[in-house]
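Encoded as structure tokens, the structure appears first; notes follow it.
Read the figures in this text as sums done on the coordinates, not as results from a lab. Everything numeric in this text was worked out from a predicted model, so none of it was measured. Cβ sites come from the backbone with ideal geometry, for glycine too, and all protein chains shown count toward neighbours.
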Amino acid sequence: MESAGDFDRLVEDIRAERLDVVAQFFQTAEATLLALEWTPEAAALEKPELRLLLDYWHRLRAGQALPRAAQVSPFDMRAALGHIVIVDALDEGRDGTYRLFGSKVAQRLGSDLTGRHLRELDDGSYLARFACALHRAVFLRREPIFVAHQPPPSVSATAWLWLVMPLADETGPAVARYLIGMLPAAARPRT
């Protein structure tokens, strides 16, 4: 079981983009961190669905620090709909509830996580710990982040690309929700 101090250190390592330390966290689980980048440029994202979502998030901001969760409309994101995950922030971003779990993501994973908590992801494995720490870091930094990772070979040969973007609530600047693009990608050779 991971201690609160270990969790907070992982959050800080993600916030500070300490890629070597975060990569070590993945290696301990025989997984691979392929990328971690705060405030990515849409043009640098390899998948068109992720570019569309990041451009959409920036359009919704329109001079605000963060877009409001109520502004998000599925009609504006049709090209990426099956790859969209929406998470409600809980406990100041330390956990979350899957409000929407994209149909293509659910099909690929073999499970729809709608209504479940981040900490329950993959039965509480390294991925659940990372997802909770990642969301907490986004809650604190209030910026989008791009992450690419490859699960252990015993789990999947598919790499995953995540784009996590914070959304504010209607009453203030706090992060209330996350708009996430999740797409599978071809596995990359392990080094």
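Can you put ASP76, ASP95 in order, fewest other beta carbons within 10 Å first?
Numbers: ASP76 14, ASP95 19.
The most exposed by this proxy come first: ASP76, ASP95.
What residues have an amide H closer than 5 Å to that of THR114, excluding those fewer than 5 places away on the same chain, when H is modeled at 1.01 Å from N in the peptide plane?
Residues meeting the amide H criterion: PHE101.
Which listed residue (GLN24, PHE130, PHE146) has the Cα farthest towards the positive end of the charge dipole for the chain, taking +1 on Lys and Arg C-beta and -1 on Asp and Glu C-beta about the Cα centre?
The listed residue farthest towards the positive side: PHE146.
Evaluate the Debye formula for region 1-73 with equal point scatterers sitting on the alpha carbons, no solvent, and hand back log10 of I(q)/I(0) at q = 0.15, 0.20 Å⁻¹, in q order, two decimals.
-0.73, -0.95
Based on DSSP H runs of at least 4 residues, each adding -39500 (n - 2.57), what is the mean residue ellipticity at 222 nm of the chain after dividing by all its residues, to the nearest 500 deg cm²/dmol? Walk me through the numbers on the way to the answer.
Numbers: 5 runs with 59 residues, N = 191.
The helix contribution divided over the chain gives -9500 deg cm²/dmol.
Once you mark the GluC sites (Glu not before Pro) that are in a DSSP loop and have at most 12 other Cβ atoms within 10 Å, what is the longest gap between them in the chain?
Within the chain, the longest run free of exposed GluC sites (Glu not before Pro) spans 47-169.
Rounded to the nearest 20 debye, what is the charge dipole size of the chain about its Cα centre when +1 sits on each Lys and Arg Cβ and -1 on each Asp and Glu Cβ?
460 debye
Calculate one ³J(HN,Hα) per residue across region 21-26 by plugging θ = phi - 60° into the Karplus curve 6.51 cos²θ - 1.76 cosθ + 1.60, and present them in order as whole Hz with x for glycine and proline.
6, 5, 4, 5, 4, 5
How big is D, in µm² s⁻¹, for region 40-113 by Stokes-Einstein at 25 °C and 0.890 mPa s if Rh is the Kirkwood radius over C-alpha pairs?
Translational diffusion coefficient: 180 µm²/s.
Give the relative contact order (percent, whole number) for the chain; include only Cα pairs under 8 Å separated by 6+ residues. Walk me through the numbers before you get to the answer.
Working: 349 pairs, mean separation 48.7, N = 191.
It comes to 25 percent, rounded to a whole number.
Report the Stokes-Einstein translational diffusion coefficient (µm² s⁻¹, integer) for region 104-191, Rh taken as the Kirkwood radius over Cα pairs, at 10 °C with viscosity 1.306 mPa s.
112 µm²/s
Evaluate the Kirkwood expression for the hydrodynamic radius of region 1-135, namely the inverse of the mean inverse distance over all pairs of different C-alpha atoms, and round to one decimal in Å.
Values: mean 1/r = 0.0610 Å⁻¹.
About 16.4 Å for region 1-135.
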